[in-house]
1. Filtering the range 59-69 down to residues that are more than 17 Å from SER151 (Cβ to Cβ) and under 23 Å from the mean Cα position of the chain (by Cα), which residue is surrounded by the fewest Cβ atoms within 10 Å (Cβ to Cβ)?
2. Given the conditions (1) outside any loop (DSSP other than H, G, I, E, B); (2) free of Cβ contacts under 8 Å to residues at least 12 places away in the same chain, report the number of the one that SER277 does not fulfil.
3. Here are some conditions: (1) under 21 Å from the mean Cα position of the chain (by Cα); (2) not in a loop (DSSP other than H, G, I, E, B). ASN343 meets all but one. Which one does it not meet?
4. Could you please give the count of residues in the range 238-274 that are of a type in the set (Lys, Arg) and part of a loop (DSSP other than H, G, I, E, B)?
5. Please determine whether any residue of the range 228-243 is touching a residue at least 60 places away in the same chain (Cβ under 8 Å), crowded, with 20+ Cβ neighbours inside 10 Å and of a type in the set (Ser, Thr, Tyr).
6. Condition first: in contact (Cβ under 8 Å) with a residue 12 or more places away in the chain and either crowded, with 23+ Cβ neighbours inside 10 Å or not β-branched (Val, Ile, Thr) (or both). Now tell me which residues in the range 280-298 satisfy that.
7. Against the condition under 27 Å from the mean Cα position of the chain (by Cα), loosely packed, with under 14 Cβ neighbours inside 10 Å and touching a residue at least 12 places away in the same chain (Cβ under 8 Å), how does ALA409 come out, does it pass?
8. Looking at (1) closer than 30 Å to ASP122 by Cβ; (2) in contact with a Leu (Cβ under 9 Å, 6 or more places away or on another chain); (3) of a type in the set (Phe, Trp, Tyr), which is the one condition that is false for PHE217?
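The values are calculated or read from the model by the stated rules, or taken from the named source; none is laboratory data. In this text, all values refer to a predicted model and were calculated from it rather than measured experimentally. Virtual Cβ from ideal backbone geometry, glycine too; neighbours counted across all protein chains shown.
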Amino acid sequence: MKNILVVALASALLLASATWMMGQVYWHAAAVPPVATTPPTESGTAQKNTPVGVPQDSAFSSHLPLILIDTARQTIDRNVPVWATVTIIDNASRINRVLDQPTMVVASTIRYRGSSSYLTFDKAQFRLEFFRRAHRNARRDVPLLGMQADSDWVLHGPFLDRTLIRNRLIYQVARRIMAWAPDTRFSEVFVDGEYLGVYLLTESVKVSPARISLARFGLLSGETAYLVKREAPGVNSNPIATFGAITGRTSNELSISFPPASRLSDAQRAWISHDISRFERTLYADHFADPSIGYAAFIDVDSFVDYYIINEFALIKDAGEFSTVVYKDLHGRLKMAVWDFNNAFENYPASLLADRGFVVAGNNWFNRLLQDRNFARRVIDRYRELRQGVLSDEALLGDIDGLVTELGAAVKRNFSVWGYTFYENLLSRDADGLPRDPRSHADALTQLRDSIVARGAFLDAHIEDLYKLAIN
């Protein structure tokens, strides 16, 4: 009898243990990616074993920071991240060799990112997310290359932009004048020992204390801080239907990025949709320009003005249509954040703009905002102010020179891999049907400088034409 009881008790314990383990396995599988290899220790120190990702050229040296990513030759995917070990080498001497003692080693997931860039660019774009240990859910905030600590990072690989600097240049300008814009650092990247060239390590658009800082908790009514993104339908998860889309006044699709889907309640989702709809109903109402009860009661007008100017100046014809970020703090007003300047200053892979006039003025929300004479006046006044400072020819051309100097010899190394793009026609053709692609890095820089000067001259002469769009 005693033996039977012992066996029964052991069986019960085994069943309970198995049930608990199944629950744990299920929970981990739902929360973190599969398969990790040679992860670093929690302290971030390097493993003794030489990882797969050590570059074949052990003599490689750069003045730029090095980012070595070791996936143990797993297949990187766009939708399912895989585990990797990320090694950062960033010496104070600015002499960085692949076999130097690492500045940092961290467990990470990696996946491909991007929409059109994923489908059309040979140079991969990556998303990294850092963890305390591989196979664990505890994310790790890391202060990379002098930027504020966070767990979520983008590696942007310039491909279409053969100057290598467009995103860095305009984010740099935006950080000087807007509440938030991504911080960035140049680096050179290896994945599983293969040199991939110059990358721009970029802060992702994210609600966090180090980036867009919003209230983390909402009210019982569903009122909450939020961040939404506008993209083509189906690009992002968690889409919402607002007044503008339902009535055909806006295009593409708004999706909720914050609060994250795992924490978003039905009440919050309904409140966000209602809140944006209230703004849009007012924006397209007869009293839209009323300074007290019109659109100005819902948006941070200065934020919208600066967003418009940066994108209009840079000839981003999709601003407000795609890669568009809008956020709002609890009890605050809507603000905008900039993102994606691959196509800035006529770097178009699609059709060349026949009309280089106002390319953003007809886009979502701005087509109505600019019908208010007061909004047009604020854009014009702010543009004149910025042209005396960060948007002057002198400042922008000086920024370009500084970024070229910062890249230095890394340009030649990058184009040792990607130099074939100088012999391909990736951009749209000019008005005479001739290719516009640069045939060297110097040629690409000349095109960028010429486009900036020409754009500034056009807007200097025509910015007050925005008053013609006003209906009041």
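1. PRO65
2. Unmet for SER277, out of (1) outside any loop (DSSP other than H, G, I, E, B); (2) free of Cβ contacts under 8 Å to residues at least 12 places away in the same chain: (2).
3. With respect to (1) under 21 Å from the mean Cα position of the chain (by Cα); (2) not in a loop (DSSP other than H, G, I, E, B), ASN343 is out only on (2).
4. Number satisfying all stated conditions: 2.
5. No, there is no match, as no residue in the range 228-243 is touching a residue at least 60 places away in the same chain (Cβ under 8 Å), crowded, with 20+ Cβ neighbours inside 10 Å and of a type in the set (Ser, Thr, Tyr).
6. GLU280, ARG281, LEU283, TYR284, PHE288, ALA289, PRO291, GLY294, TYR295, ALA297, PHE298
7. yes
8. (1)
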